[in-house]
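Written out below as structure tokens is the structure these notes cover.
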Amino acid sequence: MKKIYLAAFVFGVFSVSSSAEMMPYVGGNIGIGGITSPDADIDNMNYSQESGKFAWSLNTGLLFNSEMNNKFQYGAEVSYSTYATNENRFENLKFDYDGYNIAALGVAKYNFNNKWSIFGKAGAAYTVQELTSNVNVFNKKESKVLPKIGLGASYNITDNFAINASFEHIFGDDLAEFTNKPNNHQLSDYTNVGSVSTMYIGMGYSF
């Protein structure tokens, strides 16, 4: 149901006059990033952490030309993003965070000329994260709809193809730190849906 709401947002968020020029587009991106890793406060144990690796995303949307300023465009898009596993190890215990998100975003784009432009995105992301471990009691999957933003720049190679560089962030929960000291954390604290940060380069095609 949440996914249906996100899809409906894209097609209902803008009311566009019939005279506005419409430009559909698709894109693909690769980069680095992922779930914000939890802190660790561990004494007298071997601890290691790996995070912020390979990430990729796909997006599609519509842009409309502003009738007030011919350099400004606005619209909406949907996207799917996923990222590499965050791995946390101490001694014989291993905890992995995996996740993906499906986002519905409003888009604003400013074209400096026929080559260079900048854009911003804001909206909501259905964010799924799963905690797995070699201790079965800690395996759990959580999801939330969270705020998501993006900023980027674009260079048009041709009238249809563009190269993009962008940064995206999902505002999630603080993940409880890993510790071998007395604390008041509950199991649910370790399965909060954490923040996600990613940096991409990609290609876009406008129809």
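Where a number appears in this text, it was derived from the coordinates with a stated rule and is not lab data. For clarity, every value in this text was computed on a predicted model and none was experimentally measured. Backbone-built Cβ (ideal geometry, glycine too); neighbour counts: all protein chains shown.
The GluC sites (Glu not before Pro) of the stretch 53-90 meeting both criteria, a DSSP state outside H, G, I, E and B (loop) and at most 14 other C-beta atoms within 10 angstrom of the site's C-beta, are Glu67. Here r is the Cβ-Cβ distance between Ile42 and Met203 and R0 is 45 Å; the resulting FRET efficiency, rounded to 0.05, is 0.60. Normalised by the number of residues in the stretch 41-154, the mean separation of alpha-carbon contacts (under 8 Å, six or more apart) gives a relative contact order of 21 percent.
With a cut-off of 15 Å between beta carbons, the residues surrounding Thr132 carry a summed charge of -2, where Lys and Arg count +1 and Asp and Glu -1. When the pairs Lys71/Lys115; Lys115/Lys148; Lys109/Lys148; Lys94/Lys140; Lys53/Lys121; Lys71/Lys148 are compared against a 21 Å limit on Cα-Cα distance, Lys115/Lys148; Lys53/Lys121; Lys71/Lys148 fall above it. Please state the shape class of the stretch 118-159: rounded when a/c is under 1.5, otherwise prolate if a/b exceeds b/c and oblate if not, all from the C-alpha gyration tensor. In terms of gyration-tensor shape, prolate.
A Förster radius of 25 Å, combined with the Cβ-Cβ distance separating Asn139 from Phe54, puts the computed FRET efficiency at roughly 0.60. Of the trypsin sites (Lys or Arg not before Pro) found in the stretch 45-110, those that fall in a DSSP loop while having at most 15 other beta-carbon atoms within 10 Å are Lys53, Lys71. Rounded to the nearest Å, what's the spacing between the alpha carbon centres of the stretch 60-84 and the stretch 131-161? Just the number, please. Answer, in whole Å: 18. Simple spin-label estimate for Asn70 and Tyr155 gives 2.6 nm between the two label positions (7 Å along the Cα-to-Cβ direction from each Cα). Here the peptides 159-170, 124-135 are ranked by packing, the mean other Cβ count within 10 Å, and the order with the highest first is 124-135, 159-170.
Shown here for the stretch 23-116: chymotrypsin sites (Phe, Trp or Tyr not before Pro) in loop regions (DSSP other than H, G, I, E, B) with at most 16 other Cβ atoms within 10 Å, namely Phe112.
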